[in-house]
1. Can you work out which of the residues in segment 8-58 that are of a type in the set (Gly, Ala, Ser) and part of a helix (DSSP H, G or I) is nearest to residue 218 (Cα to Cα)?
2. Which members of segment 220-254 meet the condition of being in a strand (DSSP E or B) and either touching a helix residue (DSSP H, G or I) at 6+ places or on another chain (Cβ under 9 Å) or among the aromatic types (Phe, Trp, Tyr) (or both)?
3. Restricting to segment 187-204, name every residue that is touching a residue at least 40 places away in the same chain (Cβ under 8 Å) and within 16 Å of residue 144 (Cα to Cα).
4. What's the number of the only condition in (1) modelled with pLDDT under 95; (2) farther than 28 Å from residue 154 by Cβ; (3) crowded, with 18+ Cβ neighbours inside 10 Å that residue 296 fails to meet?
5. Tell me, which residue of segment 313-359 that is assigned to a helix (DSSP H, G or I) and among the acidic types (Asp, Glu) is surrounded by the fewest Cβ atoms within 10 Å (Cβ to Cβ)?
6. Which is surrounded by fewer than 24 Cβ atoms within 10 Å (Cβ to Cβ), at positive phi and of a type outside the set (Val, Ile, Thr), of 129, 156, 135?
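The values are calculated or read from the model by the stated rules, or taken from the named source; none is laboratory data. Predicted model only: the values in this text are computed from it and were never measured. Glycine gets a Cβ as well: all are built from the backbone with ideal geometry, and neighbour counts include every protein chain shown.
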Amino acid sequence: MQQPDPAEKAYQQGLDYARSTSGKRHENLQRAIACYEVALQYYTSEAFPHQWQQIQQDLTRAYSEFVQERLKPAQDFPALSRPSSRRRFPFPLRQGLLLVLIVVVMLAIPTTVIATNYLTRSDPFCVSGSLNIDGSTALQPLIEAAAADYMQHCPGALITVGGGASKTGLADVERGHGIIVGVNPQKDSGRIAGRDVPIDIGDSDIFASPVQRDLVDHQVAIGVFVMILNQDVTGLHNLSTSQIQRIYTGVYQNWQQVCVHGVCGPNVPIVPISRTVNSGTRFTFEKYILKGVATVPGIGLERATSSGNAVQEVENNPGSIGYAPLYLASQARDVTILSIDGQDPHNFSLVQQDKYHFWNIEHMYTRGQGSPLAQSFIDYMSGDAIAHLFSRFGLRHLTDIPLDIRNKHVLEAQ
């Protein structure tokens, strides 16, 4: 039986806190206890007996050490001078009373409250240094906004976000360096755009290749993609998957050939717009829309270098069709967002029900576990502080889609 995603994450966080040598020991133990309690909400004794027993043992050790840590101030505090005629409690009794008090207080605090404080705290655990990120242009706006928020809280960090496409980001982070491109000039404080620099995180719309075994996957969001039409292509608001395949394989050359319920497009040549071969969005399009059907060279193919550029190309070229992230397409005035097989991409419940298939998981990859700053920033990406940014950029949290639907979607791309 496969464990739920949050369970292992909470358990590993608990182990990290229990092993941590920085900060106050009793606070780290309290955090570890909270994490273990969260993990046990998923790892039940019936479904996961081995994991349940292991976490129970770790929890017992954490509680025991926590109590001893809280007793230390009482043990170390010098005894006050008192008149000999006044009876004093013997130390073992005072120690026992303090132990009872600690246990009562801990039982009175719901573990979910502790977990909320430490698992989803709003402020980042600040790490100083430089962090360079390259890859997906679909994920780039969210990462840029999150980086700005992180640097506001942590002035010692300098984060630069590029947009060289998913496969470029994966190659760069595996190699350890690359020429970073697509950096917003207003957010290039280090003036590194166009330079060969260390790459610490690779953003991607797709999974890394099996041969990139040293890369560690951090899944951060769900991205929904759409088909878009130039405004000159009137009368069409829905295309079937097979019609899109015929357009991108050259079977259809004019919009008059494309008909839906007896309504055909105008007498305008079809100009298919596609992303470059290193694009994760193109990979997603080929896997879930073309479904292995090979495209043929033609006017307009492979001309868009980024998600934003793809939208602009469709806006500026009469008769064109392309694909892009939903949030970017929604901002454009001169394109029509299409339903696919009668499924409206604006209705996210259709994704959740496995009826709208043009979406993918968004990833942040590190080589190994990554630098301390990379780990801190990725943790920040999953916290409550930037939850509002997801909706701003049209992205969804992983847990918004049932695990079985996510797994099925991944298998379909194999």
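1. The residue in question is 10.
2. The answer is 220, 221, 222, 223, 224, 225, 226, 227, 228, 229, 230, 239.
3. 187, 190, 192, 199, 200, 201, 202, 203, 204
4. (3)
5. Checked segment 313-359; the qualifying residue surrounded by the fewest Cβ atoms within 10 Å (Cβ to Cβ) is 315.
6. Criteria check complete, one pass: 129.
Let's see how each residue does on (1) surrounded by fewer than 23 Cβ atoms within 10 Å (Cβ to Cβ); (2) within 30 Å of residue 152 (Cα to Cα); (3) not aliphatic (A, V, I, L, M):
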{"position": "190", "(1), (2), (3)": "yes, yes, yes"}
{"position": "200", "(1), (2), (3)": "no, yes, yes"}
{"position": "205", "(1), (2), (3)": "no, yes, yes"}
{"position": "210", "(1), (2), (3)": "yes, no, yes"}
{"position": "220", "(1), (2), (3)": "yes, yes, no"}
{"position": "240", "(1), (2), (3)": "yes, no, yes"}
